[in-house]
Structures are given as structure tokens and as C-alpha cells.
Amino acid sequence: MRHHGHSKWLLLLATAVIIAGYVVLYMQDTSLEEAPCSAVGGACRANCLVGEAEAGWCGELLCCVTTGLSVTNADIANAVKQRDITMCSRFGESQQASCKILVLDSIANDFALKYDDASYCESISSTGIKDSCFQAIAWKTNNMDMCSQISTPNARDRCMIYFAQKQKNWQICAENVQVDINRDQCFKQLAVATKSIETCSQISIESIASDCMLKVELALNSENNVDCSIIAKDDCSSVKGCKPVLITDPLESLKDAYAGCARNTRHFCETTGGTWIVKRDGLFDVESCDCGSEAYYEGYGCFDCSKFEHARNNCLKRIV
């Protein structure tokens, strides 16, 4: 069981190392609802890191809690990072086999992305790496049919949602996204992208439908409705209102890794008439937005509640 657990985290690590640039936080914004993840000492992420386990949800993200990381895992991770199969010889017999598979799968993934050739993905043994390989090729080549090659339901749905949002096509949510909660999230993402309250009515889970209407109201009352979550890594920094998101991996060798593109909180605070404030709280700087008599929505800015129709009560609660 212990070896199986280690293998699972190794697959996740290899996936993160190989295609970090393709990991899109299409579900990044959970700031409008308080996440209970902190109560269990976890962190909200699009995907849990090596050494972490899923412990529930943070709205649209996973709640990830630390489980610990062994030195052996770190050494194998370095072999994968270096794409050096000779480094696997320093481990025991069973770990050598796992190490070699991960390195070879990582190299196959590299070739797939370099040549835009999904046949390299098909040769990959590790399920996690193979699924990520097909997703990366699908997005890079704009080929939605490639999503169907992904074996894991949630990963396959994420691949489909990307195209639903990019094409602004609600039928993709209804016909191609299989898991109920993912389908609802797909409708929500599409509703916000198209500023359509009507699309929120397709959502079956009440809490998601309510948040959908709120997000659409924010979009309708925002001058810049940029969707940072579907912007490519290389373009993120140059898009007004967006900024790259970095996560710190527990392995020092990886340091900060790209985790997608998100809305620039300070930008939207200041462009909607708010004042960006930085205060010292003990050893840390705490940043916030002062909206005066208006309501503040993190990542969106300051809003006049009288302009809201469906989310007016939510807005009024935010004014102290």
C-alpha cells in the first residue's frame, strides 16, 4: 500500500513538472465564497501537489493537505526533472522500475508536445502523465476530439470545459461534460464569459447557480470582463488585468511553478475607484482594497449595489 501511495504522488509530480505551463486554472476564482480548507490546514489549488492529499473542495478548487514527502520521492523527482534514467540505478529494485517508467513517460510527453503528435501520448504507461499529455495536445492544437482520449473523468471534463468556454458553446457543457458538478461549473464558466443570466438556469446545484448569477452580475457591471483562466502562459503577463499565478512546490529543486493565469486583484481594485492598501500585520504585509461606501469583491473591484438585480442582497451584506 505504501509503495502504491508513493507511485500516485510521483505521477502527479511528474505531470506537474512536465506540463506546468499547460495547467490552466480555469477554476481559479473562489474568493467570493469563504473556503473552509484553512480549517484543516490545507491550501486551495487546481491540482494537489506531490506530498498532498485531497481533503474536499474550496468552492471550485481542490482542498489539499500535506501528507509528508520522503527523501526517496525527492530523488526520483529529480531524476524525472533531469530526464536522466541512469539516476534511477541508485534506488532499490521496485523503485528503480517506477523511476524508469516515469522518466521514459516524461520523455515521451516532451516529444508529444514538441511535435504536436499524440502518438507519443499513447505510448505512455502512467495514467496521470498520459491524461495530461492528451490534454496538453488537445489545447495546443485546438482539437477537442483529443479530450476523449483522456481516461480520468474529471480530467476529461476539464479538457472539454476549456473548449466550451473558448468557443462559448453551451452544448459542449450539456453533451460532453459527464460529471454533474463539472457540468454545472462548465455552465457557470460559460455564463460568465457570455454575461448570460439565462445560462445559470441550466445549473442543477443551487449554491453554484447562485454564485453563477453573482459572477454574471459582476461581469455585466465590469468594464473589463477578461477571462484570465484560459489565457496561455506566454500571453498572461501582457494581458491587461491578468497576472501569472505561482505555487511553491514542497521540493526545493522545483521552487515556484507556474499554475495558471488569474485576475490581477490590485488592478481591478484601482480601476473601479478603490484604493489599494498595504498594512503591516506582525511579520507579514496584508493587502486589501478600500472601496469606501461601495462593496468590494476580491478580484473584481468596487461595485455600487444599486446596479445589481439578482445579487443585490449579497452586495449589500458586504458594505460595513
Per-q log10 I(q)/I(0), the stretch 120-253, q = 0.11, 0.22 Å⁻¹ (Debye; single scatterer per alpha-carbon; no solvent): -0.46, -1.29
The stretch 153-214: mean projected area of Cα convex hull, nm²: 3.4 nm²
Pairwise FRET efficiency - Tyr258 versus Lys114, Cβ, R0 = 25 Å, nearest 0.05: 0.85
Long pairs among Lys140/Lys243; Lys233/Lys307; Lys140/Lys168; Lys215/Lys307, criterion Cα-Cα beyond 24 Å: Lys233/Lys307
Rounded to whole Hz, the Karplus (6.51, -1.76, 1.60) HN-Hα couplings of the stretch 284-298, x for glycine and proline: 10, 8, 10, 9, 7, 10, 9, 9, x, 8, 9, 8, 10, 10, 4
Trypsin sites (Lys or Arg not before Pro) restricted to DSSP loop in the stretch 174-283 with at most 10 other C-beta within 10 Å: Lys240, Lys255
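The numbers here are math on the coordinates, done by the rules we state, and not lab data. All of these numbers come straight from a predicted model, not from anything done at the bench. Because the Cβ atoms are built from the backbone with ideal geometry, glycine has one as well, and the counts that use them run over all protein chains shown.
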